[in-house]
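One structure is given below, encoded as structure tokens.
The values are calculated or read from the model by the stated rules, or taken from the named source; none is laboratory data. Since the model is a prediction, treat every value here as computed from it, not as a measurement. Note: ideal-geometry Cβ built from the backbone for every residue, glycine included; neighbour counts use all protein chains shown. Ligands, DNA and RNA are stripped out before the accessible areas are found, and what is left, the full protein with its side chains, is counted by its heavy atoms. Shrake-Rupley method; radii C 1.70, N 1.55, O 1.52, S 1.80 Å.
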Amino acid sequence: TLGPVGVSVTASMNVRVVGGGGAEVATLRPAETATLRLELSVSSVTKPHKVKSAIKYEASGEGAPAAPVTVMCEVLLPCSAFLVARDIAPDEFHSLLANAACPHSSSTVVEGGGRPFKYTVQLLAILLNLKLVEGSEGSAGLYAASLLGHHVALLAKAKGGSTVSVELRSSDEVLSSQLINEVSALPLFIAL
């Protein structure tokens with residue numbers, strides 16, 4: 001049994017705790033889970049942030065350490081953590097792509113590991129916090145807005161086999177570049 005279990009975040013110039021600092025669970029028994037909520041303020045939603053934190057706990061029972069244990073860790077908050085999937089009409093989505101609302105474009109190609117196109121689109125939606133606007137057997141459009149209102153539109157097209165072409169457009173150039181880097185890492189999440 002563990003108790004208390006606490007999480008703390010080390011503030012930096014780019015990340016600070018605004019709520020839930022020093023969050024703690026009184027007791028955690030074997031096979032139990034708990035959720036601790038921390039509210040953070042970040043300097044920018046257009047770049048990823050590394051958050052230094054510590055998990056501190058005391059264990060009880062046979063073989064437990066005599067002193068409290070502190071595990072230092074670093075959590076990466078990717079730019080997609082600052083996106084909110086939003087409903088948007090297909091006509092409005094196409095309008096964003098056609099006018100100057102999303103002038104910044106980045107693209108990449110990802111390998112789906114033999115999985116169907118639909119699986120890769122679902123993975124993109126889940127990992128990047130995007131909402132499917134429209135889709136067919138070989139193409140899909142997804143949308144989100146950043147917490148500061150930047151538009152993010154993603155177009156995915158099947159290229160043959162399980163290869164998928166991804167074009168990402170945004171109203172912010174840096175955000176577009178950072179998000180396409182996250183898309184490029186997608187094969188790391190695809191189980192073969």
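Here are some notes:
- Exposure ranking of GLU111, GLU137 by accessible area [1.4 Å probe, largest first]: GLU137, GLU111
- The residues ILE55, ILE180, sorted by heavy-atom accessible surface at 1.4 Å with ligands and nucleic acids left out, run ILE55, ILE180 from largest to smallest.
- Close amide H partners of VAL133, meaning residues 5 or more places away or on another chain with modelled amide H under 5 Å apart, are GLY141, LEU142, TYR143.
- The calculated FRET efficiency for LYS159 paired with ARG86, based on their beta-carbon distance and R0 = 35 Å, is about 0.80.
- Percent carbon-and-sulfur accessible area, the chain, ignoring ligands, DNA and RNA, probe 1.4 Å: 53 percent
- Contact order, relative form, for region 1-150: 20 percent (alpha carbon pairs under 8 Å, 6 or more residues apart, mean separation divided by residue count).
- The label point for ASN14 and the one for VAL109, both projected 7 Å from the Cα toward the Cβ, are 3.1 nm apart.
- Ligands, DNA and RNA are left out, and with a 1.4 angstrom probe the accessible area of the chain is 56 Å² per residue.
- Simple point charges give the picture: +1 on the Cβ of Lys and Arg, -1 on the Cβ of Asp and Glu, and for the chain a dipole about the Cα centre of about 200 debye.
- The orientation-averaged projected area of the convex hull spanned by the Cα atoms of the chain comes to 13.3 nm².
- Each stretch of four or more DSSP H residues adds -39500 (n - 2.57); spread over every residue of the chain, this sum gives -5000 deg cm²/dmol at 222 nm.
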